[in-house]
Each structure stands twice: as C-alpha cells, then as structure tokens.
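Peer 1: Sharing a structure here in structure tokens format.
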Amino acid sequence: TSNFVQWRSSACQRNIKAFKRWPSCLIFVGWSSETRKLGIKYCYNRPCGLYAARAPFFGSDAKREQKEISEEDLLVLNVTQGISSAFFPVFSPDGKHLLFLSARNSVDSGAHSATESLHRIDWPANLQISVVQCPEDGGFPGIYNGSFLRKPWLSDGTTIVLNSVWGSSEVILSVNVSSGDLTRISPSDSNAAWRALTLNDDNIIAVSSSPIDLPEIKYGYKEVQDDAWNWSSVRSPMIKCSARVKTPTIFLIGAQDLRVPQSNGIQYARSLKEKGVETKIMIFPNDVHGLEIPRTDYESFINIGVWFKKYCK
C-alpha cells in the first residue's frame, strides 16, 4: 500500500477558476526559458509545469473577424503552481479528472530518473501517489514511468494502467484515481519484464521477456470484476513470410552487430533472392546494430535513395 498526500495551492485554485470560464481550453506542458535551454534531454530533471490557454475559436471566418480578442484570450495560466515538475497530462474519460506525472524528486535534487509521483486534479482538489523514500521489502517502490498509454483507462473510467519499475523488473500497475488504490497487475511471481502495449475496456495486451526468454505477447483479463488478473500467452506465428514478400528489398547490415547476428539478415536476403525478389545486401564491416559511423550514414542514405528512385516510380 502506498501513501497518499492531499495538497492544495491557492494560486492553482485561482487559475483553475479563471479558465473554468472558458468554453474550452488547451492543456500543455511548458518548460521555463530561464537559466537552462527549453525542453528536456535524457531525463525529466528540468522544471516544467502544466499550462492552460483558451482554445482557438473554431467558428466561421466571418464570425472570427467580428470577434474582438480580449486580454483573457491571450492568457496562459499555470495550472500546477507550487510543484516544480508536471508533465504528460491525460484526462479521465468523463473529463472530471486531470492526471499528470511529476519528476519533482529529480528536479529538486538533480538526481537522474528519480522516483516519479502521480497526481490528480479534480478542479481544484489534488491527489497524488507520493514518492516512496524507503520501500519495505517487497513493497511498492514508487513510480518510474515517463508517459501513459494512448488509451490508459479501464472500463470503469476511474482506473488507469501504467508501466513502471519494481525492483529490477518492469511491471504493470493499475491506479484507481478516485480511491488511490494501487495494484500490481502483472504476476508478482514472474522474473520477466512486463510492459502493457494497449488495452480495450478490461482487456490488456502486454509483452513479457527476460534475458533468457524471447519477447512473448500476453493477454490479460478478469473473469470477475474484483478478481485477480489472468494472463494467457499468445503464441507467435511461425515466421514464414519470405514466400509472401514481393517488394524489392535492401539490407543494411553492421558486421560488428552483437544484438542481431548478421547471418540472420544474410539468410533472409538469400531466401528472397531464391524466390526471385530483387534484393541487395550491404555489409559495413566496422559498424554495429545502429549503423552509427558517419561514413555508414552517408553510404546508407545514398543507396536507399537510389533504391527508392529505382523502384518507387
């Protein structure tokens, strides 16, 4: 069980009341231009906040010309004053709650990728899953996640699913934003890394992998609403795609690649050639998986451009 903290900022409440008068508004993340460059690099340890601006007028051009722009139309209000970090905003399906992540532990201390916290704005109440300073053995260690899924809500409209890190493993969590209840929904007895990919109502598609196990698609579901999550393996189809490939294909392979053996690409290319597919193989003897050497970049783009020009007319 995690700790919850309720906090209110008077400045935040005033700003929320101000933009409540607007028929619609845009919520976005902003970084201060003071001291440091805008934006982030590698880690959310730069101060940032959520801002609200009145949404553009979407009426006809004629009506837009008649409407005078007021000072209120140009306002940009800080919704998260009092907290040094707020990013990745997402609304609940009913629009009554705005959730966001905060890396203020990183911002305030300068630490790289410190524990993040989850916040909820109820217009104007605010609830957070706080930073866990000293987790108990096997207990919830805090949130380590820089984003949400595209559609992260379960069918109840109040429970959000997110990926995080627990100990040395990646796990899948669910958080009820009304009660603050947090649950680890990926198997606790699994040593694999789990990551949710997408969900639909109460159906979750995830991927599970470990250093000795290939990635495997998992399907999560509940037989009863309050029951534990069940996970089933979705068997990957056997790879027999070369017979269906008709598109001319160029292979760019780094001979020093330690992630994917170059023999995989060479064998695949030979298989396509044997089936009459136009195929070209380029092997860069001193480069790795990412093809990072500048000379490789240059030669790759030149050959890709020539390949496209030849076959994409």
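Peer 1: Over the range 242-311, what is the relative contact order in whole percent, taking alpha-carbon pairs under 8 Å and six or more residues apart?
Peer 2: Answer for the range 242-311 is 40 percent.
Peer 1: Follow-up question, since we're still on this one. Going by C-beta contacts inside 10 Å, put HIS97, HIS119, HIS289, HIS112 in order with the fewest on the left.
Peer 2: Taking fewest neighbouring Cβ atoms as first place, the list is HIS112, HIS289, HIS97, HIS119.
Peer 1: Taking a ≥ b ≥ c as the square roots of the eigenvalues of the Cα gyration tensor of the range 242-311, is the shape rounded (a/c under 1.5), prolate (a/b larger than b/c) or oblate?
Peer 2: Oblate, because a/c is 1.5 or more while a/b does not exceed b/c.
Peer 1: Dipole magnitude of the range 242-311 about its Cα centre, charges +1 at Lys/Arg Cβ and -1 at Asp/Glu Cβ only, in debye to the nearest 20?
Peer 2: Charge dipole of the range 242-311: 440 debye, to the nearest 20.
Peer 1: Continuing with the same structure: Taking 0.36 nm per residue of separation and subtracting the Cα-Cα distance, what length does fully extending VAL76 through SER188 add?
Peer 2: 35.9 nm
Peer 1: Calculate, for ALA243 and GLU299, the FRET efficiency according to 1/(1 + (r/R0)^6) with r their C-beta to C-beta distance and R0 41 Å; round to the nearest 0.05.
Peer 2: Computed FRET efficiency for ALA243 and GLU299: 0.85.
Peer 1: Something else: What length, rounded to one decimal in nm, is gained on full extension from TYR219 through to SER271, with 0.36 nm per residue of separation minus their alpha-carbon distance?
Peer 2: Taking TYR219 through SER271 to full extension adds about 15.4 nm, to one decimal.
Peer 1: Using the Cβ atoms and a cut-off under 14 Å, what net charge is assigned to the surroundings of LEU291, where Lys and Arg are +1 and Asp and Glu are -1?
Peer 2: Summing Lys/Arg as +1 and Asp/Glu as -1 gives -3.
Peer 1: Now for a separate question. Picking from ASN286, GLY265, ILE253, whose Cα lies most toward the positive end of the charge dipole for the range 242-311 (charges on Cβ: Lys, Arg +1; Asp, Glu -1)?
Peer 2: Going by the Cα projections, it comes out as GLY265.
Peer 1: Working out 0.36 nm times the residue gap between SER179 and VAL165, then minus their Cα-Cα distance, what length gain in nm do you get to one decimal?
Peer 2: Details: separation 14, 0.36 × 14 = 5.04 nm, distance 2.21 nm.
Extending this stretch completely gives an extra 2.8 nm.
Bear in mind these aren't lab numbers, they're just calculated from the coordinates by the rules spelled out. Keep in mind that this is a model prediction, so the values were computed, not measured. Positions of Cβ are backbone-derived with ideal geometry, glycine not excepted, and every protein chain shown enters the neighbour counts.
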